[in-house]
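Peer 1: The structure is given below, and queries will be raised subsequently.
The values are calculated or read from the model by the stated rules, or taken from the named source; none is laboratory data. None of the values given here were measured: they were computed from a predicted structure. Reconstructed Cβ throughout: ideal geometry from the backbone, glycine too, with neighbour counts over all protein chains shown. Note: areas computed on protein heavy atoms with side chains; ligands, DNA, RNA excluded. Shrake-Rupley method; radii C 1.70, N 1.55, O 1.52, S 1.80 Å.
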Amino acid sequence: MKKSLKVLTALSLLVPTTTVFVNHTAEAATQTQINAAVQKAKTASLALRYASSIEFKGDINVRPYTEYNAAKKAYAEAKKLVDASKSSSKQVQLAQLQEAKTWIDRGAAYIDAISAGLVIQKYKQQLDAKGKAGVLDSEAIELYHEMSRQIKKQAAHIFKIYGASTRDAVRTKYIRTAEQLRDELSYSITVRGKLDIIKNASSTNTQKIEAAKQILLFLESIPQANYYSQLSKEWKSVVIPESIQDAEYKNLLSLNEELVKLKAIIKPGVSSEEVPGLYQSVIGKIAKVSHAIGAKKLSEELTETMSLLEVSVGELKSRLTNEAIKAGIPPEIVKAIVLTENGRFQQFTSSGEVFKSPDNGYGLMQVTPLSDTDTRYDWDRVKYDLQYNIEKGIDILLEKWSYGESKRIPVINDGSKEVLENWYFAIMAYNGLSKANDPTQTALPYQVKVYENLKNGTQLSPDLINPEDLVLRYNVSTGQIIFADKLAYTTSKKTKSTQMYAIGDTITLTGSATFRNAPTTSGSVSTPISAGTKVIIQSEAIQDSNKANLFVWYKVKIGTTGKVGYIASVSLK
């Protein structure tokens, strides 16, 4: 019996050993599964992270539901396995899953934000459609107010997006565009509402006059042309009884009428004799407006209206270049004259009055009447029409050039217009054949100033007449210079204009040229083009915005390679 008991005891000891071995094998297999599940959750959360950020693959027009659901499922499966695990690596794996959960939560916030943005976008699109149709009815007003409410409500979701760049992109697409529309429509909505108050039979006189004042404060700030036209027409049909009009209303009414008149007169480069007075009157009336926001909007509207007078420096130089070419005058000459006469390139003052020099020269080209009874030109247009001022200035320069034919001034070289040197005496005459422009008497006469500006602005170096070679005398009665004793001069150089090329012209470079990818000195440079290279002009002259730069750019194609780029005019000689 004792022997049998010993055997049984041994067997009983062996069984647990065998059982432990089996359990150990099962636990190892489960750990492998856990590791794989955790890795799958990490990979899925990373895919969601990439789909929820514009810095990776995120598209703010798309909600990454597929990646989100996959990450959420993988996380749940892995979390269940890890929670049941007794492995020593459990805490590490839980930390890894917590990171995955963080990206899942951020992905959810991203999806919620896009969904919130789409709610705002729905109202914006409906309002846009109303605007395109020119409809400002009760439905449009309700859409406006609902969009405003949704902007405020949904913004909280968008601000929860992780990552500044992605958050800003979503905010720009959905909130800022809607806010911009809301702000732009606010004036139309305000005026529409106030018109309804005036038309409402139950409104009191106080309500009506206050509504009318609000209309006058904001009507001219309506940016939508169709709504402005609709509401302006409706406002004109409104009659406010004289008996309820107060001083504030009358001031606003007069201010509004004058502002409308200014808008009707002013165009780019065009003013009128009335504009300065209207401008000053509107300024004075705005100063009397007690409504701070309304006064600010009226002031902004006046500033914007007056800014229409301005023409950019690039546009000014384009106009000068084009008109010079039409007249056969080197653009370099005309632009250098303007820079000398009117360094600010100014046609008007801030009030819309013509810029006037002490000697009564008007505008950009400083066109000056010969007397109070000078009828050569329409002097109102000289003063208040930039284009006309340019045209008449160029006419005067051509007239001075013709003095060579009538022997009032000498002819230089062969008298070719395209040669810069040949304009010396015509430029002198443009300012006046007076002692002040006699280089034998004055260190820096007008024509020399013009050529200095030309040289500095174009990087060309035309040759000037040597004062010692000049033969001249004065008319004792008028004090004007007489050149009759010598009417022909020559210069050692004959510098042709480099700004009179037409599209299709072929030029053989006489020196190396810098070839750029953009018409600016900051454009990147490719391999310099060598002398002897043929280039074909592909564009009209291109101007920049610097007043001092009197050169232009041309888009050109290299004849041998077909490569296209930009070259400064100074190199096209």
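Peer 1: If r is the Cβ-Cβ distance from Asn322 to Ser416 and R0 is 30 Å, what FRET efficiency results, to the nearest 0.05?
Peer 2: With a Förster radius of 30 Å, E is 0.90.
Peer 1: Towards the positive end of the charge dipole of the chain, with charges on Cβ (+1 Lys, Arg; -1 Asp, Glu), say which of Val382, Gly269, Pro358 has the farthest Cα.
Peer 2: The one lying farthest along the dipole's positive direction is Gly269.
Peer 1: If you filter the range 71-147 for trypsin sites (Lys or Arg not before Pro), then keep DSSP loop positions with at most 10 other Cβ within 10 Å, what is left?
Peer 2: Lys86
Peer 1: What is the spin-label model distance, in nm, from Lys236 to Asp378 if the labels are put 7 Å beyond Cα along the C-beta direction?
Peer 2: Simple spin-label model gives 2.6 nm for this pair.
Peer 1: Can you sort Glu421, Glu468, Glu142 by 1.4 Å-probe accessible area, starting with the largest?
Peer 2: If we order Glu421, Glu468, Glu142 from most to least accessible, we get Glu468, Glu142, Glu421.
Peer 1: While we're here: For Val282, tell me the accessible area in Å² from a 1.4 Å probe, rounded to the nearest 10.
Peer 2: 0
Peer 1: Report the local net charge at Leu81: Lys and Arg +1, Asp and Glu -1, summed over other residues whose C-beta lies under 12 Å from its C-beta.
Peer 2: Cβ neighbours under 12 Å give a net charge of +3.
Peer 1: Taking Cα centroids, how far is the range 523-560 from the range 144-202 in Å?
Peer 2: 48
Peer 1: Give the Cα extents of the range 438-485 along the principal axes, in whole Å, largest first.
Peer 2: 40, 19, 16
Peer 1: P(r) for the range 207-307: what percent of alpha-carbon pairs falls in each 5 Å bin, starting at zero?
Peer 2: Each 5 Å bin holds this share of Cα pairs: 2, 12, 24, 24, 20, 13, 4, 1, 0.
Peer 1: Oh, and also: Using a 1.4 angstrom probe on the protein heavy atoms only, line up Thr527, Thr508 by accessible area, largest first.
Peer 2: Heavy-atom accessible area, descending, gives Thr527, Thr508.
Peer 1: Placing +1 at every Lys and Arg Cβ and -1 at every Asp and Glu Cβ, with all other atoms neutral, what dipole size does the chain have around its Cα centre, in debye to the nearest 20?
Peer 2: In total the dipole reaches around 3780 debye.
Peer 1: Related question: Can you list the lysines whose alpha carbon is less than 17 Å from that of Lys573, not counting same-chain residues fewer than 8 positions off?
Peer 2: Reachable lysines: Lys417, Lys455, Lys493, Lys494, Lys496, Lys534, Lys555, Lys557.
Peer 1: Another question, then. Strictly greater than 33 Å: what percent of every Cα pair in the chain meets that?
Peer 2: 68
Peer 1: Could you work out the local net charge near Val419, counting Lys and Arg as +1, Asp and Glu as -1, over the other residues with Cβ closer than 13 Å to its Cβ?
Peer 2: Around Val419, the charge tally is 0.
Peer 1: Please name whichever of Ala426, Pro462, Tyr474 sits farthest to the positive end of the charge dipole of the chain, dipole taken about the Cα centre and charges placed at Cβ: Lys and Arg +1, Asp and Glu -1.
Peer 2: Highest projection toward the positive end goes to Pro462.
Peer 1: Largest first, what is the accessible-area ranking of Thr520, Thr305, Thr561 with a 1.4 Å probe?
Peer 2: Sorted descending by solvent-accessible area, the residues read Thr561, Thr520, Thr305.
Peer 1: Can you tell me the orientation of helix 247-265 relative to the chain, as the angle in degrees between its alpha-carbon axis and the longest Cα principal axis, to the nearest 10?
Peer 2: Compared with the principal axis, the helix lies near 70 degrees.
Peer 1: Please give the FRET efficiency for Asp196 paired with Lys356, using the beta carbon to beta carbon distance and R0 = 45 Å, rounded to the nearest 0.05.
Peer 2: 0.35
Peer 1: A further question on this structure: Under unit Cβ charges (Lys, Arg +1; Asp, Glu -1), what dipole magnitude, rounded to 20 debye, does the range 250-404 have relative to its Cα centre?
Peer 2: That gives a dipole near 460 debye.
Peer 1: A follow-up question, please. Working out 0.36 nm times the residue gap between Thr442 and Gln39, then minus their Cα-Cα distance, what length gain in nm do you get to one decimal?
Peer 2: Using 0.36 nm per residue and subtracting the Cα-Cα distance, I get 136.1 nm.
Peer 1: What are the lysines whose alpha-carbon lies under 21 Å from the alpha-carbon of Lys435, with same-chain residues fewer than 8 places away excluded?
Peer 2: Lys400, Lys407, Lys449, Lys486
Peer 1: Right, another one. With r as the distance between the Cβ atoms of Glu184 and Ser254 and R0 = 30 Å, compute the FRET efficiency 1/(1 + (r/R0)^6) and round to 0.05.
Peer 2: Once the sixth-power term is evaluated, E becomes 0.65.
Peer 1: Please report the accessible area of Asp168 (heavy atoms, 1.4 Å probe, ligands and nucleic acids excluded) in Å², nearest 10.
Peer 2: Counting only protein heavy atoms, Asp168 exposes about 70 Å² to solvent.
Peer 1: Right, next: Which one, Gly415, Ile325, Ala541, projects farthest toward the positive side of the charge dipole computed for the chain from Cβ point charges (K/R +1, D/E -1)?
Peer 2: Sorting the options by dipole projection puts first Ala541.
Peer 1: For a label point 7 angstrom out from the Cα of Asp105 toward its Cβ, which stretches of the range 143-169 have the backbone nitrogen within less than 18 Å?
Peer 2: Flagged as within label range: 157-164.
Peer 1: Could you check how many percent of all C-alpha pairs in the range 352-458 are farther apart than 25 Å?
Peer 2: Counting every Cα pair in the range 352-458, those more than 25 Å apart make up 25 percent.
Peer 1: May I pose another question? Over the C-alpha atoms of the range 26-153, what are the Rg and the largest Cα-to-Cα span, Dmax, in Å?
Peer 2: Final numbers for Rg and Dmax: 21.8, 74 Å.
Peer 1: Mean residue ellipticity at 222 nm from the helices of the chain, using -39,500 (n - 2.57) per DSSP H segment of n ≥ 4 over the full residue count, to the nearest 500 deg cm²/dmol?
Peer 2: Calculated mean residue ellipticity at 222 nm is -18000 deg cm²/dmol.
Peer 1: Can you give the accessible area of Arg176, probe radius 1.4 Å, in Å² rounded to 10?
Peer 2: It works out to around 100 Å².
Peer 1: Can you list the lysines whose alpha carbon is less than 19 Å from that of Lys101, not counting same-chain residues fewer than 8 positions off?
Peer 2: Lys40, Lys42, Lys72, Lys73, Lys79, Lys80, Lys90, Lys160
Peer 1: Give Lys326/Lys392; Lys317/Lys563; Lys250/Lys285; Lys199/Lys261; Lys122/Lys297 a once-over and call out the pairs whose C-alpha atoms are over 18 Å from each other.
Peer 2: Lys317/Lys563; Lys199/Lys261; Lys122/Lys297
Peer 1: In nm, what is the difference between 0.36 nm times the number of residues separating Thr561 and Ser243 and their Cα-Cα distance?
Peer 2: 106.4 nm
Peer 1: Suppose every K and R has +1 on its Cβ and every D and E has -1 on its Cβ; what is the size of the dipole of the range 180-261 about the Cα centre, in Debye to the nearest 20?
Peer 2: 220
Peer 1: Once you list every other residue whose beta carbon is under 10 Å from the beta carbon of Ala211, what net charge do they have if Lys and Arg are +1 and Asp and Glu are -1?
Peer 2: Net charge in that neighbourhood comes out at +2.
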